[in-house]
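Peer 1: Sending over a structure as structure tokens; questions will come in a sec.
The values are calculated or read from the model by the stated rules, or taken from the named source; none is laboratory data. Keep in mind the model is a prediction, meaning the values are calculated, not measured. No Cβ is skipped: glycine too gets one built from the backbone with ideal geometry, and neighbour counts run over all protein chains shown.
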Amino acid sequence: MNAEAAASLAGVKDADRKHVFHSWSAQELIDPLAVAGAAGSYFWDYEGKRYLDFSSALVYTNIGYQHPKVAAAIAEQAGKLCTVAPGFAVDVRSEAARLIAERTPGDLDKIFFTNAGAEAVENAVRMARLHTGRPKVLSAYRSYHGATSTAINLTGDARRFGNDTATAGVVRFWGPYLYRSPFHATTEAEECARALTHLEDTIVFEGPQSIAAIILETVGGAPGVLVPPAGYLAGVRELCDRFGIVFVLDEVMVGFGRTGTWFAADNWEVTPDLICFAKGVTSGYVPLGGVAISAAIAETFARRPYPGGLTYSGHVLACAAAVATINVMEEEGVVAQSARTGAELLGPGLRALAERHPSVGEVRGLGTFWALELVRNRETREPLVPYNAAGADNAPMAEFAAACKKGGLWPLVAGNRLHVAPACTITPQDVAKGLEILDGALTVADAHV
Ligand code: PMP
């Protein structure tokens with residue numbers, strides 16, 4: 001590193017330590033890597049060390065970092081019109097809404113724009129409550145829906161523990177998860193049937209007349225790439241129809257190509273009443289989220305004002321980024337590429353790793369969205385680290401993550417899982433390179449078996 005780079009690194013780190021308050025962290029116990037730049041599937045530090053990013057930032061750079069067409073579209077828009085209040089009609093916002101609505105399933109043809117995923121969830125729940133006049137919302141224990149007030153209460157995972165635990169009408173249920181079945185099922189069909197019976201019982205015992213919505217991640221993201229069994233989402237759709245409940249799919253992490261389709265629901269040909277999206281819609285270049293709304297729910301607010309809004313709803317720069325991102329995805333066939341990469345390279349490659357490494361308990365996923373569940377014992381499925389492990393308890397996963405980084409791969413680890421979510425545009429060469437680095441790093445996890 002030359003003197004200039006060293007000085008600028010020291011300045012960045014020093015100001016970060018003094019003035020940046022980081023998410024989800026004990027401020028004095030962290031030492032964030034200083035990133036100097038990024039392109040495609042890679043970012044690099046001030047010493048020029050390059051990392052192949054298998055986390056796509058926080059699973060959002062679906063078209064990779066610094067796509068020139070999207071960067072240029074943002075710059076061009078900034079030169080023309082940076083912002084205008086959300087109440088006006090403006091070309092890029094109309095166009096972004098049209099492009100998104102045309103890609104959502106069924107009659108989800110109206111788009112309410114937010115700045116992020118949690119705000120999308122907040123507004124979907126508000127719409128469902130107003131539409132039905134009912135208070136309760138059902139969500140899965142194994143879920144993450146965001147960190148704002150309602151979204152963190154809907155979240156099932158341990159991140160809600162440090163927050164207000166007043167549930168404000170939230171009722172949690174167990175979704176299907178065959179590898180650690182809450183229903184002691186041994187086949188996918190059994191897991192699906194029992195999960196649907198459990199959900200139906202929950203609805204009946206909570207009182208259908210009090211339930212506004214069921215919210216699900218189409219494929220559970222943060223909880224470990226939980227792919228629903230065939231028939232589950234259709235079954236939830238049927239329960240929602242039977243009991244007059246709004247079906248909300250949270251596609252914040254899985255929308256826009258991640259699972260090899262525009263929306264993950266397309267994999268099971270299910271149409272919910274509301275879809276929450278964010279992340280991939282702009283590849284994260286400018287924050288944008290939203291709710292895609294069915295005709296029936298939109299009709300509720302046709303002559304009655306919708307009591308919600310955001311200063312930056314449909315921000316012009318974000319909408320320009322969304323238009324450019326969606327156009328790039330179409331022009332470059334990114335959605336099909338994501339499906340192909342999963343079916344031909346990531347799936348087979350990760351399964352081959354599982355055969356060689358006893359610490360891999362299960363491989364699951366689709367498209368460019370996978371997880372390896374690491375275990376101490378394949379027979380008992382004892383996880384490599386306990387649920388919600390911290391500090392010394394989490395050491396085996398921390399060692400594994402460190403080995404990945406040393407090898408030049410930036411991993412996304414959570415609990416006992418390695419999530420594999422590279423850019424949907426990752427090249428076959430980079431998939432091969434990533435798998436090779438993982439092959440080496442997994443020997444570190446194997447030592448704990
Ligand atoms: N829902 C899901 C499924 C998510 O994965 C996330 C973020 N990881 C959110 C909601 C919250 O999104 P945001 O952080 O943009 O508010």
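Peer 1: Could you list, in sequence order, the residues of region 37-67 that are part of a loop (DSSP other than H, G, I, E, B) and either surrounded by fewer than 18 Cβ atoms within 10 Å (Cβ to Cβ) or free of Cβ contacts under 8 Å to residues at least 40 places away in the same chain (or both)? Steps first, answer last, please.
Peer 2: Quick first cut of region 37-67, residues part of a loop (DSSP other than H, G, I, E, B) only: 41, 46-49, 54-55, 60-64, 66-67.
Scanning region 37-67 gives Glu47, Gly48, Lys49, Gln66.
Peer 1: Is it the case that region 147-158 has a residue that's more than 14 Å from the ligand (Cβ to nearest atom) and either touching a strand residue (DSSP E or B) at 6+ places or on another chain (Cβ under 6 Å) or among the basic types (Lys, Arg) (or both)?
Peer 2: So far as region 147-158 goes, no, none of its residues is more than 14 Å from the ligand (Cβ to nearest atom) and either touching a strand residue (DSSP E or B) at 6+ places or on another chain (Cβ under 6 Å) or among the basic types (Lys, Arg) (or both).
Peer 1: State all residues of region 108-131 that are in a loop (DSSP other than H, G, I, E, B) and either surrounded by 24 or more Cβ atoms within 10 Å (Cβ to Cβ) or over 17 Å from the mean Cα position of the chain (by Cα) (or both); if no residue qualifies, say none.
Peer 2: Leu108, Asp109
Peer 1: Let me ask something else about it. Within region 183-190, is there a residue that is away from the ligand (no atom under 14 Å from the Cβ), closer than 27 Å to His22 by Cβ and of a type outside the set (Asp, Glu)?
Peer 2: no
Peer 1: Anything in region 174-199 that is surrounded by fewer than 18 Cβ atoms within 10 Å (Cβ to Cβ), outside any loop (DSSP other than H, G, I, E, B) and not polar (S, T, N, Q)? List them, or say none.
Peer 2: Matches in region 174-199: Tyr179, Arg180, Glu188, Ala189, Glu190, Arg194, His198.
For (1) within 22 Å of Leu346 (Cα to Cα); (2) of a type in the set (A, V, I, L, M), each residue gets a yes or a no:
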{"site": "Gly221", "(1), (2)": "yes, no"}
{"site": "Asp241", "(1), (2)": "no, no"}
{"site": "Val246", "(1), (2)": "no, yes"}
{"site": "Glu251", "(1), (2)": "yes, no"}
{"site": "Arg258", "(1), (2)": "yes, no"}
{"site": "Asn267", "(1), (2)": "yes, no"}
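Peer 1: While we're here: What are the pairs, 6+ residues apart or on separate chains, where a residue within region 132-144 that is more than 15 Å from Leu226 (Cα to Cα) and part of a loop (DSSP other than H, G, I, E, B) has its Cβ under 7 Å from a residue that is away from the ligand (no atom under 11 Å from the Cβ) and of a type in the set (A, V, I, L, M)?
Peer 2: Arg134/Ile211; Arg134/Ala212; Pro135/Ala212
Peer 1: Test Ala10 against the stated conditions and say whether it is of a type outside the set (D, E, K, R), on the phi > 0 side of the Ramachandran plot and part of a helix (DSSP H, G or I). Let's see the steps before the verdict.
Peer 2: On the way: of a type outside the set (D, E, K, R): yes; on the phi > 0 side of the Ramachandran plot: no; part of a helix (DSSP H, G or I): yes.
It is false that Ala10 is of a type outside the set (D, E, K, R), on the phi > 0 side of the Ramachandran plot and part of a helix (DSSP H, G or I).
Peer 1: Also, quick follow-up: Take the residues of region 281-311 that are touching a helix residue (DSSP H, G or I) at 6+ places or on another chain (Cβ under 8 Å) and more than 18 Å from Met127 (Cα to Cα): which is surrounded by the most Cβ atoms within 10 Å (Cβ to Cβ)?
Peer 2: Once the filter is applied, the top-ranked residue is Ser283.
Peer 1: Please indicate, with yes or no, whether at least one residue in region 212-228 is outside any helix (DSSP H, G or I), out of contact with any Pro (no Cβ under 7 Å at 6 or more places or on another chain) and more than 21 Å from Cys276 (Cβ to Cβ).
Peer 2: no
Peer 1: Would you confirm whether or not region 274-291 contains a residue that is more than 16 Å from the ligand (Cβ to nearest atom) and modelled with pLDDT of 95 or more?
Peer 2: First, pick out the residues of region 274-291 that are more than 16 Å from the ligand (Cβ to nearest atom): none.
Among the residues of region 274-291, not one is more than 16 Å from the ligand (Cβ to nearest atom) and modelled with pLDDT of 95 or more, which makes the answer no.
Peer 1: Here's a follow-up. Among the residues of region 21-36, write down those that are loosely packed, with under 10 Cβ neighbours inside 10 Å and more than 21 Å from Lys279 (Cβ to Cβ). Spell out the reasoning first.
Peer 2: Here is the first cut: in region 21-36, the ones loosely packed, with under 10 Cβ neighbours inside 10 Å are 21, 23-24, 26-29, 31.
Across region 21-36, the qualifying residues are Phe21, Ala26, Gln27, Glu28, Leu29, Asp31.
Peer 1: Could you identify the single residue in Arg93, Arg98, Arg160, Arg103 that is touching a residue at least 24 places away in the same chain (Cβ under 8 Å) and out of contact with any His (no Cβ under 9 Å at 6 or more places or on another chain)? Please lay out each step first, then the result.
Peer 2: Details: Arg93 fails: out of contact with any His (no Cβ under 9 Å at 6 or more places or on another chain); Arg98 fails: touching a residue at least 24 places away in the same chain (Cβ under 8 Å); Arg160 fails: touching a residue at least 24 places away in the same chain (Cβ under 8 Å).
Exactly one of Arg93, Arg98, Arg160, Arg103 is touching a residue at least 24 places away in the same chain (Cβ under 8 Å) and out of contact with any His (no Cβ under 9 Å at 6 or more places or on another chain), namely Arg103.
Peer 1: Next up: Restricting to region 430-449, name every residue that is surrounded by 15 or more Cβ atoms within 10 Å (Cβ to Cβ) and not acidic (Asp, Glu).
Peer 2: Hits for region 430-449 are Val431, Lys433, Gly434, Leu435, Ile437, Leu438, Ala441, Leu442, Val444, Ala445, His448, Val449.
Peer 1: Out of curiosity, is Pro105 away from the ligand (no atom under 16 Å from the Cβ), assigned to a loop (DSSP other than H, G, I, E, B) and within 21 Å of Arg417 (Cβ to Cβ)?
Peer 2: Criteria not met by Pro105.
Peer 1: Quick check: anything in region 195-216 closer than 21 Å to Ala234 by Cα and within 14 Å of the ligand (Cβ to nearest atom)?
Peer 2: Within region 195-216, one or more residues are closer than 21 Å to Ala234 by Cα and within 14 Å of the ligand (Cβ to nearest atom).
Peer 1: Restricting attention to region 384-404, which residues are assigned to a loop (DSSP other than H, G, I, E, B) and modelled with pLDDT of 95 or more?
Peer 2: Leu384, Val385
Peer 1: A follow-up question, please. So, in region 398-429, how many residues would count as being in contact (Cβ under 8 Å) with a residue 12 or more places away in the chain, closer than 14 Å to Leu345 by Cβ and surrounded by fewer than 19 Cβ atoms within 10 Å (Cβ to Cβ)?
Peer 2: 2
Peer 1: Which of the residues that make up region 311-352 are part of a helix (DSSP H, G or I) and in contact with a strand residue (DSSP E or B) (Cβ under 6 Å, 6 or more places away or on another chain)?
Peer 2: Scanning region 311-352 gives Gly342, Leu346, Leu350, Arg351.
Peer 1: Select from region 353-383 the residues that are of a type in the set (Gly, Ala, Ser), closer than 16 Å to Val59 by Cβ and not in a loop (DSSP other than H, G, I, E, B) and list them in ascending order.
Peer 2: Those that are of a type in the set (Gly, Ala, Ser), closer than 16 Å to Val59 by Cβ and not in a loop (DSSP other than H, G, I, E, B): Gly365, Ala371.
Peer 1: Looking at region 229-248, which of its residues are among the hydrophobic types (A, V, I, L, M, F, W, C) and in a helix (DSSP H, G or I)?
Peer 2: Result: Leu233, Ala234, Val236, Leu239, Cys240, Phe243.
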